[in-house]
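Heads up, the thing below is written out as structure tokens.
The values are calculated or read from the model by the stated rules, or taken from the named source; none is laboratory data. Bear in mind the structure is a predicted one, so any value in this text is a computation, not a measurement. A quick note on method: Cβ atoms are made from the backbone with ideal geometry, for glycine too, and the neighbour counts reach across all protein chains shown.
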Amino acid sequence: MTFPTDRPATWFVTGTSRGLGLELVEQLLERGDNVVATTRSTDRLLQALDADTTRLLALAVDLRDEAAVAEAVRKATERFGGLDVVVNNAGYGYLAAVEETTDRDVREMLDLQVVGVWNVLRATLPILREQRGGHVVNVSSVLGLTSVPGWGLYCAGKYALEGLTEALAGEVAQFGVKVTIVEPGYFRTDFLTTDSLALPGDTTAAYPEIREMVENHLKLQGNQPGDPVRGAQLMIERVVSGEGPLRQILGSDSHAYATAKVQALQANLDAAAQTASASDFPA
Ligand SMILES: NC(=O)c1ccc[n+]([C@@H]2O[C@H](COP(=O)([O-])OP(=O)(O)OC[C@H]3O[C@@H](n4cnc5c(N)ncnc54)[C@H](OP(=O)(O)O)[C@@H]3O)[C@@H](O)[C@H]2O)c1
């Protein structure tokens, strides 16, 4: 099944009261598609939306709760009669040194970024698989490919998301279900504001460069190169066309960081080319 053109498509989007998620919902409603938008606050979403909401089903969902996610998907199919596209977008940044990151901080991040996505996939994949078509879009980050000091927990979540998504793409292609990993660079959303960004309760004096990095990132707010309107538009175009590789790189900064990572990885592989086989059993 290709993207429907003879009827409105139905999209299930998570994390929609701000940023890229909100922009996606607005553009999808403008297209005339059906949108199931999950959020922690339907009030915030409805206040922020500047669109005709006739085709919107706004649902307050705790993505960490498997039963709540399954119920949201049930309501979505009841209201719109099916599901075509699933966008796992909800996410937040967290800036701290690895040793400053508490057990609770780790669990909260992975609960949303990994367990939550898995909850959505478990509830929606049977529908896409049985109808032999659909599209899953997992919003990662260029920090799902490359990691930098102070971003360890966020990167751990996004790397995990990328790992499960690569596997998923290989599993569901046979059912006509497409999969895209979106890798934005810095986008001018609420991501770097203290409304979204999480910081550790306690820090040590051992990492002044991480405190400086945090200050610099808070100052970056409003100057990020990525435009969420264009970003959301490109994400929608990718799904509608059904064309393109697994990874959708959004932003010149994302492209540069990803290229540097690939080059470093290639240099590492080249350095190991003669020695990697030393741990094999002798022929
Ligand atoms: N902006 C960037 O620079 C950037 C770069 C790379 C990747 N990304 C990724 O892009 C996605 C969208 O981020 P954004 O830039 O649009 O940021 P944003 O403006 O802060 O919006 C984030 C959205 O995620 C949801 N969210 C945040 N924390 C959550 C939590 N603890 N539990 C459940 N939902 C939560 C929020 O949904 P509700 O409040 O409606 O529940 C919100 O609408 C995220 O996955 C982010 O990691 C962003």
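Values computed for the structure shown
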| item | result |
| --- | --- |
| Test result for Gln47, polar (S, T, N, Q), farther than 25 Å from Arg7 by Cα and free of Cβ contacts under 8 Å to residues at least 24 places away in the same chain | yes |
| Residue match in the range 159-180 (condition: touching a Pro at 6+ places or on another chain (Cβ under 9 Å) and buried (at least 16 other Cβ atoms within 10 Å of the Cβ)) | yes |
| Which listed residue, of Asn268, Asn216, is within 15 Å of the ligand (Cβ to nearest atom), surrounded by fewer than 13 Cβ atoms within 10 Å (Cβ to Cβ) and either over 18 Å from Thr16 (Cα atoms) or modelled with pLDDT of 95 or more (or both) | Asn216 |
| Single residue of the range 93-118 satisfying the filter (over 25 Å from Ala169 (Cβ atoms) and within 19 Å of the chain's Cα centre (by Cα)) that is surrounded by the fewest Cβ atoms within 10 Å (Cβ to Cβ) | Arg107 |
| Flag for Leu121 being within 16 Å of the ligand (Cβ to nearest atom), in a helix (DSSP H, G or I), within 29 Å of Gln174 (Cα to Cα) and not charged (D, E, K, R) | yes |
| Candidates Thr77, Thr2 - the one that is over 17 Å from the mean Cα position of the chain (by Cα), within 21 Å of Leu125 (Cα to Cα), modelled with pLDDT under 95 and surrounded by fewer than 19 Cβ atoms within 10 Å (Cβ to Cβ) | Thr2 |
| Ala58 in contact with a strand residue (DSSP E or B) (Cβ under 8 Å, 6 or more places away or on another chain) and either of a type in the set (Lys, Arg) or under 16 Å from Ala9 (Cβ atoms) (or both) | no |
| Residue that is in contact with a strand residue (DSSP E or B) (Cβ under 7 Å, 6 or more places away or on another chain) and either in a loop (DSSP other than H, G, I, E, B) or within 30 Å of Thr193 (Cβ to Cβ) (or both), where the choices are Arg230, Arg238 | Arg238 |
| Residues (of a type in the set (Gly, Ala, Ser) and either near the ligand (Cβ under 8 Å from one of its atoms) or within 21 Å of Ser254 (Cβ to Cβ) (or both)) located in the range 95-118 | Gly116 |
| Count - residues of the range 87-107 that are in contact (Cβ under 8 Å) with a residue 60 or more places away in the chain and either closer than 23 Å to Leu45 by Cβ or not acidic (Asp, Glu) (or both) | 13 |
| Any chance Val137 is over 16 Å from the mean Cα position of the chain (by Cα), among the hydrophobic types (A, V, I, L, M, F, W, C), within 16 Å of the ligand (Cβ to nearest atom) and outside any helix (DSSP H, G or I) | no |
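Per-residue answers, yes or no, for (1) part of a helix (DSSP H, G or I); (2) farther than 19 Å from Gly19 by Cα; (3) of a type in the set (Phe, Trp, Tyr):
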| site | (1), (2), (3) |
| --- | --- |
| Tyr159 | yes, yes, yes |
| Gly170 | yes, yes, no |
| Glu183 | no, no, no |
| Thr193 | no, no, no |
| Gly201 | no, yes, no |
